[in-house]
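Trainee: Input: one structure, supplied below.
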Amino acid sequence: MGEPTDVELSAFLEEGLPVERLAEIEIRLRDDEGLRARLRGVIGREDAGLHSVGVIWRRHRLSCPSRDEISQAILGVLDPPREEYLKFHIEQVGCRYCAANLADLRAAHETSAPSAERRRRYFETSAGHLRGTSGAPKSR
């Protein structure tokens, strides 16, 4: 990629860029005094309270789907347009915050979802209570 813009430098400070771009900017900052000076300027403007709409948008994560929406996507019940946006937001935009939420929710879902074996045992136990001890359906 090319020279980082001030918007990218602001996002760099907030770790709001894809990992590859963060690494690229960090490497360039090591050797480029002009880029470091620009970064100091961005920091100064932000410290002075001169925030752009983009900075406010990123800082408050206004484009990020909620954890509830991410959870719905994992369960396969999110509306298709929102699911497409979530995929775009994580894969194309590279939102690390939402990617972390997705990984966290997937792990929680996998550990809390009953296994097929456990579901079978629940069913057999419940079916036994419904049939009674003789195996014949209970009469009323």
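Trainee: Name the residues in segment 6-48 that are within 28 Å of residue 89 (Cβ to Cβ), out of contact with any Gly (no Cβ under 8 Å at 6 or more places or on another chain) and either hydroxyl-bearing (Ser, Thr, Tyr) or not in a helix (DSSP H, G or I) (or both), would you?
Mentor: 14, 15, 16
Trainee: Still on this structure, please answer the following. Report yes if residue 14 is touching a helix residue (DSSP H, G or I) at 6+ places or on another chain (Cβ under 9 Å), among the acidic types (Asp, Glu) and over 29 Å from residue 107 (Cβ atoms), otherwise no.
Mentor: Details: touching a helix residue (DSSP H, G or I) at 6+ places or on another chain (Cβ under 9 Å): yes; among the acidic types (Asp, Glu): yes; over 29 Å from residue 107 (Cβ atoms): no.
No: the conditions fail for residue 14.
Trainee: Now a separate question. Out of 16, 94, which single residue is surrounded by 12 or more Cβ atoms within 10 Å (Cβ to Cβ), at positive phi and either in contact (Cβ under 8 Å) with a residue 24 or more places away in the chain or of a type in the set (Phe, Trp, Tyr) (or both)?
Mentor: Values: 16 fails: at positive phi.
Unique residue meeting the criteria: 94.
Trainee: Would you confirm whether or not segment 49-56 contains a residue that is open to solvent by 90 Å² or more (accessible area, probe 1.4 Å) and either at pLDDT 95 or above or farther than 15 Å from residue 97 by Cα (or both)?
Mentor: Looking for residues that are open to solvent by 90 Å² or more (accessible area, probe 1.4 Å) and either at pLDDT 95 or above or farther than 15 Å from residue 97 by Cα (or both), one finds at least one in segment 49-56, hence yes.
Trainee: Quick one: is residue 47 without any contact (Cβ under 8 Å) to a residue 12 or more places away in the chain and more than 15 Å from residue 11 (Cα to Cα)? Spell out the reasoning first.
Mentor: Values: without any contact (Cβ under 8 Å) to a residue 12 or more places away in the chain: yes; more than 15 Å from residue 11 (Cα to Cα): no.
So residue 47 fails the test.
Trainee: If I go through segment 68-96 residue by residue, how many of them are in a helix (DSSP H, G or I) and more than 30 Å from residue 49 (Cβ to Cβ)?
Mentor: Looking only at that region, the number is 19.
Trainee: Which residue, of 61, 36, 28, is of a type outside the set (Phe, Trp, Tyr), closer than 30 Å to residue 107 by Cα and either surrounded by 11 or more Cβ atoms within 10 Å (Cβ to Cβ) or touching a strand residue (DSSP E or B) at 6+ places or on another chain (Cβ under 9 Å) (or both)?
Mentor: Of 61, 36, 28, the one residue that is of a type outside the set (Phe, Trp, Tyr), closer than 30 Å to residue 107 by Cα and either surrounded by 11 or more Cβ atoms within 10 Å (Cβ to Cβ) or touching a strand residue (DSSP E or B) at 6+ places or on another chain (Cβ under 9 Å) (or both) is 61.
Trainee: Could you list, in sequence order, all residues of segment 65-87 that are of a type in the set (Ser, Thr, Tyr) and free of Cβ contacts under 8 Å to residues at least 12 places away in the same chain?
Mentor: 66
Trainee: Being open to solvent by less than 50 Å² (accessible area, probe 1.4 Å), within 22 Å of residue 96 (Cα to Cα) and among the charged types (D, E, K, R): is that true of residue 69 here?
Mentor: yes
Trainee: Could you tell me which residue of segment 87-98 is modelled with the lowest pLDDT, considering only residues that are in contact with a helix residue (DSSP H, G or I) (Cβ under 8 Å, 6 or more places away or on another chain) and under 11 Å from residue 63 (Cβ atoms)?
Mentor: 95
The values are calculated or read from the model by the stated rules, or taken from the named source; none is laboratory data. Worth saying up front: this structure is predicted, and the values here are computed from it rather than measured. When we count neighbours, we look across all protein chains shown, and the Cβ atoms used for this are built from the backbone with ideal geometry, even at glycine. To get the accessible areas, we keep the full protein, side chains included, count just its heavy atoms, and leave off ligands, DNA and RNA. Shrake-Rupley method; radii C 1.70, N 1.55, O 1.52, S 1.80 Å.
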